[in-house]
Amino acid sequence: MAKPHVPFAPRSAPRNAMDRFIDGIELIAAFFVGVVALDIFASVMLRYFFSVQIPDSYDFGRLLLGILIFWGIAATSYRGNHITVDLLYANVGPRVQRVIDVFATLVLLFVVTVQTYTLFDKVRGTYADHVLTFDLRLPVWPFYLAAWIGDVSAVLLIAVRTYRLIFHPDLLGGQYQIKPVE
């Protein structure tokens with residue numbers, strides 16, 4: 001018996017290892033969004049209804065938010081779907097737009113690489129100085145390390161985006177192009 005044809009079934013392109021890696025980075029970033037939201041929700045509810053504070057809740061919230069920011073950079077850097085203001089870009093042809101894309105991505109790669117280097121120095125410093133949280137006296141360096149791994153992921157994804165912009169722009173697809181706000 002033949003399978004019935006479904007006219008509107010989405011067909012996904014074959015996924016290679018790099019696409020699965022990119023999806024994994026985005027999943028980790030989404031996980032940290034959930035962890036930060038859960039931490040804030042639990043802290044507020046416990047404080048409001050039971051007048052109880054989670055030990056080190058401020059430190060955890062601050063450190064988790066830092067992790068979330070760096071993993072968020074990784075997630076948005078590849079897709080190019082972050083907030084932009086492109087007055088020049090919108091008024092030039094596709095060839096110049098591609099040159100602008102490559103240049104902007106190379107600048108972003110440089111900046112995030114330098115940021116990653118300096119954040120690693122911060123991880124080493126907090127480890128060597130034995131920096132601890134206030135209430136529970138937990139070491140802070142694992143949080144910094146998790147943020148640094150997110151930053152390393154951002155560098156890798158920006159490098160992949162740069163490579164694909166230069167050699168395989170079709171792999172980025174038209175779905176990540178600028179959409180004007182109306």
- Ordered by fewest other Cβ atoms within 10 Å, a rough proxy for footprinting exposure, 47, 95 read 95, 47
- FRET efficiency, residue 104 to residue 21 (Cβ-Cβ, R0 22 Å, nearest 0.05): 0.45
- Task: Going by C-beta contacts inside 10 Å, put 89, 48, 144 in order with the fewest on the left.
- Result: 48, 89, 144
- Item | Dipole in debye (nearest 20) - the stretch 72-160, about Cα centre, beta carbon charges: Lys, Arg +1; Asp, Glu -1 | 180 debye
- Highest average packing first - 61-68, 113-120, 164-171, Cβ atoms within 10 Å: 61-68, 113-120, 164-171
- Task: Rounding to the nearest 20 debye, state how big the charge dipole of the stretch 117-164 is about its Cα centre with +1 on each Lys and Arg Cβ and -1 on each Asp and Glu Cβ.
- Result: 240 debye
- Each label point is 7 Å from the Cα along the Cα-to-Cβ direction; what then is the distance between the points at residue 170 and residue 52, in nm? 6.0 nm
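Throughout, read-outs are computed from the coordinates displayed, never taken from laboratory work. Source: prediction; values computed, not measured. Glycine gets a Cβ as well: all are built from the backbone with ideal geometry, and neighbour counts include every protein chain shown.
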